[in-house]
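The values are calculated or read from the model by the stated rules, or taken from the named source; none is laboratory data. Just so it is clear, the model here is predicted, and its values are computed rather than measured. When we count neighbours, we look across all protein chains shown, and the Cβ atoms used for this are built from the backbone with ideal geometry, even at glycine. When the accessible area is computed, the model is the full protein with side chains, heavy atoms only, and any ligands, DNA or RNA have been set aside. Shrake-Rupley method; radii C 1.70, N 1.55, O 1.52, S 1.80 Å.
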Amino acid sequence: MWLVEARTVFSRARVRALLAVLLAVPVFLAVAVYLAGGPRAGEGPTFLDRASHNGVFTALAGLVVTMPFFIPLSISVVAGDAVAGEANLGTLRYLLIRPAGRARLLAAKGVVTALFCLAAAVDVVLAGLVAGVILFPHGPVVTLSGTTVPFLDGVGRALLASLVVGVSMFGLAAIGLFVSTLTDVPIAAMAVTIGLVIMSAILDGVSQVAFLHPWLFTNYWTAFTDLARDPMRWHLIWKDFLLQLGYVVVFGAGAWARMLTRDVLA
Amino acid sequence: MAPDLAIETHGLAKLFAGRPAVDGVDLAVPAGSTYGFLGPNGSGKTTTIRMLLGLLTPSAGTWSILGRTMPEAAMSTLPHVGALVEGPAFYPWMSGRDNLERFDAMGPGRSPATRPARIADALARVGLTAAAGKKYKAYSLGMRQRLGLASALLVPRRLLVLDEPTNGMDPQGTREIRHLVRELAADGATVFLSSHLLSEIQQVCSHVGVMHRGRLLAQQTLPELLSSTGPRLRAEVDDPGRAAQVMAGLGMTDVSVSGTQVAGSLGEVLPEECCRRLVGAGVAVRMLVPEHASLEDAFVALTGEGFDVAG
Ligand SMILES: Nc1ncnc2c1ncn2[C@@H]1O[C@H](COP(=O)(O)OP(=O)(O)O)[C@@H](O)[C@H]1O
Ligand SMILES: [Mg+2]
């Protein structure tokens with residue numbers, strides 16, 4: 001069933017447009033850096049100063065740029081629409097009469113939203129790699145630790161980073177899915193979800209609530225940069241995964257409880 | 001639980017914000033019947049149907065579908081139930097055929113191998129073959145309704161629950177639906193047909209349940225319901241007010257005036273006796289017609305009021 005759901009979601013014009021925007025960002029970034037001759041070391045976001053050194057860093061810079069807003073936004077759109085969109089169209093009642101099964105339908109929605117998280121991040125990295133390789137050198141990669149690794153090793157790390165980023169979005173996806181079960185208005189679900197991302201990011205920047213930081217789902221979003229060290233540092237990434245799992249369990253259970261008891265009136 | 005009932009409910013009720021939308025409904029829909037679920041807009045038909053299909057949790061009451069207790073048996077009974085609830089709903093950006101394909105695949109128990117043939121068959125049955133490749137958003141209201149029916153007919157069903165299936169259809173479409181309902185019934189399926197259109201129900205149904213303000217006022221075979229109201233007399237006169245007084249004075253019931261016409265239930269009164277009295281009272285009679293009760297008369301007799309939208 002989730003295969004059918006995946007086909008429906010990924011063939012939607014809206015979802016394709018989101019992926020196209022995510023694809024365009026690292027390409028624009030690479031072209032801008034290429035035309036400007038590259039910012040000096042230490043300027044701009046992490047990795048941007050290195051974007052012109054190697055195609056691998058172009059891809060990583062693409063992730064850094066899309067991570068705070070573009071990727072969460074597109075995930076909020078897809079997750080927020082998951083159940084509320086069906087309710088809004090009225091197709092939810094027909095899926096339940098089919099009968100798809102309430103829990104199974106939610107599971108299919110969850111799997112496909114998770115797939116979209118991975119697709120969004122992989123999309124950015126692939127576009128960055130292609131643009132970077134065309135515009136910039138693609139020899140051995142100098143890591144953040146100063147060592148040098150072969151180019152293919154670097155490519156592997158960039159792809160790994162995209163998967164890590166995808167997984168670190170699972171918490172947000174679960175939140176979006178839960179919000180989506182609460183309403184029949186998909187735009188509202190999307191807006192609330194993106195609002196929570198912004199709130200979490202703001203709280204993450206306020207030192208007075210430092211005690212909250214380890215619990216915020218945005219807190220470890222940049223942990224993937226540790227993959228550009230030599231050796232790769234996994235400590236924060238594992239912490240992040242554990243935190244995301246927590247969010248998935250809590251909000252997944254919320255979505256499940258709501259889905260099973262919801263009166264379908266739309 | 002009687003095995004020969006396709007739908008059975010006991011005290012089914014639903015409150016919305018404290019107000020009862022459905023209020024203690026006891027349905028008994030015989031297997032194999034074509035059951036007309038009749039009631040004006042807002043009388044609780046759709047809400048009842050949503051509860052039957054497990055979309056809404058009732059505030060009170062129990063129910064079973066095809067002899068199995070719901071909602072526990074939903075996953076095993078619903079595959080035998082085709083339904084149209086509160087109008088069709090599909091993805092506007094997909095074609096009619098793609099919509100049916102997704103719908104068919106989003107759940108257990110439907111063979112992918114037979115899918116294309118079953119979809120083509122269902123589309124043909126509702127006359128949508130030519131428009132199957134068009135996007136749903138380009139469909140007219142009647143075409144959407146047809147696609148909804150097609151989705152209910154993707155597999156053979158034992159029970160069809162059709163909520164106002166002719167909404168938005170032209171007269172030709174309405175006739176086709178009537179034909180389709182008869183065909184389904186002839187194949188042995190139970191058809192539970194909700195409608196606010198008296199004529200629709202009168203033409204195809206063997207049984208009728210009358211809903212009014214959330215309550216089921218009567219539940220009988222159609223002939224029983226019509227004969228319970230008895231014969232009526234309709235007259236066209238120059239002074240309808242005076243004529244109504246005379247008729248009521250004779251002991252006729254449900255006397256109503258509309259324009260220059262007066263009508264009422266005869267009861268034991270003979271038409272010729274009524275005619276003599278009208279003339280005797282100085283009323284000029286242009287026309288006098290004894291009639292069989294219509295479904296509308298039966299409805300008025302049951303509710304004591306016209307067939308209007310409930311508040
Ligand atoms: N979602 C809802 N919230 C509140 N009241 C509702 C809702 N849906 C229906 N109602 C009320 O329930 C009553 C019955 O509605 P409905 O079952 O749709 O009637 P019908 O299908 O016979 O036209 C109406 O008074 C309607 O206003
Ligand atoms: Mg209705």
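Is the range B:232-291 rounded, prolate or oblate when judged by the Cα gyration tensor, a ≥ b ≥ c being the square roots of its eigenvalues, rounded requiring a/c under 1.5 and prolate requiring a/b larger than b/c?
Details: a/c = 1.37, a/b = 1.18, b/c = 1.15.
It comes out rounded by the Cα gyration axes.
GluC sites (Glu not before Pro), restricted to the range A:1-107: which are DSSP loop and have at most 12 other Cβ atoms within 10 Å? Intermediate results must be reported in sequence, preceding the final value.
Values: sites: A:GLU5, A:GLU43, A:GLU86; in loops: A:GLU43.
Passing sites in the range A:1-107 are A:GLU43.
Rounded to the nearest 20 Debye, what is the dipole magnitude of the protein assembly as shown about its Cα centre when Lys and Arg each give +1 and Asp and Glu each give -1 at the C-beta?
So the dipole magnitude of the protein assembly as shown works out to roughly 1380 debye.
Modelled label-to-label distance, B:ALA130 and B:GLN245, 7 Å Cα→beta-carbon offset: nm?
About 6.1 nm, to one decimal.
Rounded, prolate or oblate: pick one for the range B:23-70, where a ≥ b ≥ c are the square roots of the eigenvalues of its C-alpha gyration tensor, a/c under 1.5 means rounded, and failing that, prolate if a/b is larger than b/c, else oblate. Could the numbers behind the result be given before it?
Working: a/c = 1.85, a/b = 1.06, b/c = 1.75.
Oblate.
Once the range B:5-227 is represented by equal point scatterers at the alpha-carbon sites, with solvent omitted, what log10 I(q)/I(0) does the Debye formula produce at q = 0.11, 0.12, 0.16, 0.17 Å⁻¹?
-0.53, -0.63, -1.12, -1.25
Quick one: Karplus J couplings for the range A:243-260, per residue in order, coefficients 6.51, -1.76, 1.60, θ = phi - 60°, nearest Hz, x for Gly and Pro?
Running phi through 6.51 cos²θ - 1.76 cosθ + 1.60 with θ = phi - 60° gives 4, 4, 4, x, 4, 4, 5, 5, 6, x, 5, x, 5, 5, 4, 5, 5, 6 Hz.
Taking each pair of distinct Cα atoms in the protein assembly as shown once, what is the resulting Kirkwood hydrodynamic radius in Å?
Radius from the Kirkwood sum: 28.0 Å.
Roughly how large is the B-A contact in terms of buried accessible area, totalled over both chains, probe 1.4 Å, nearest 100 Å²?
Details: alone 14520 and 12560 Å², together 24430 Å².
In total, chains B and A hide about 2600 Å² from solvent.
Give me the percent relative contact order of the range B:250-289, please, defined on Cα pairs under 8 angstrom at least 6 residues apart.
Relative CO of the range B:250-289 lands at 29 percent.
How far apart, in nm, are the 7 Å Cα→Cβ label points at B:THR253 and A:VAL206?
7.2
Stokes-Einstein at 4 °C, 1.567 mPa s, Kirkwood radius from Cα pairs: D for chain A in µm² s⁻¹?
67
Normalising by the residue count of chain A, find the relative contact order in percent from Cα pairs under 8 Å and 6+ residues apart. The partial results should precede the final answer.
Working: 404 pairs, mean separation 64.7, N = 266.
This gives 24 percent for chain A.
Filter the GluC sites (Glu not before Pro) in the range B:230-311 to those in DSSP coil with at most 12 other Cβ atoms within 10 Å of their Cβ, and list the result. Walk me through the numbers before you get to the answer.
Details: sites: B:GLU236, B:GLU268, B:GLU272, B:GLU273, B:GLU291, B:GLU296, B:GLU305; in loops: B:GLU268, B:GLU305.
Answer in residue order: B:GLU268, B:GLU305.
Defining a contact as two alpha carbons under 8 Å apart and six or more residues distant in sequence, what relative contact order in percent does chain B show?
Over chain B, the number comes to 21 percent.
Rounded, prolate or oblate for the range B:130-201? Axes are the square roots of the Cα gyration tensor eigenvalues, ordered a ≥ b ≥ c, and the cut-off for rounded is a/c under 1.5.
Note, shape of the range B:130-201 comes out oblate.
Carbon and sulfur atoms: what percent of the 1.4 Å accessible area of the range A:2-261 do they account for?
The computed percentage sits at 74.
Per residue of chain B, what 222 nm ellipticity follows from adding -39500 (n - 2.57) for every DSSP H run with n ≥ 4, rounded to the nearest 500?
Rounded to the nearest 500, it is -9500 deg cm²/dmol.
Within the protein assembly as shown, how many Lys pairs that are eight or more residues apart, or on different chains, come under 29 Å at the alpha-carbon?
Lysine pairs, 8 or more places apart or on different chains, close enough: 6.
Find, among the trypsin sites (Lys or Arg not before Pro) in the range B:107-160, those assigned to loop by DSSP (not H, G, I, E, B) with at most 14 other beta-carbon atoms within 10 angstrom.
B:LYS134
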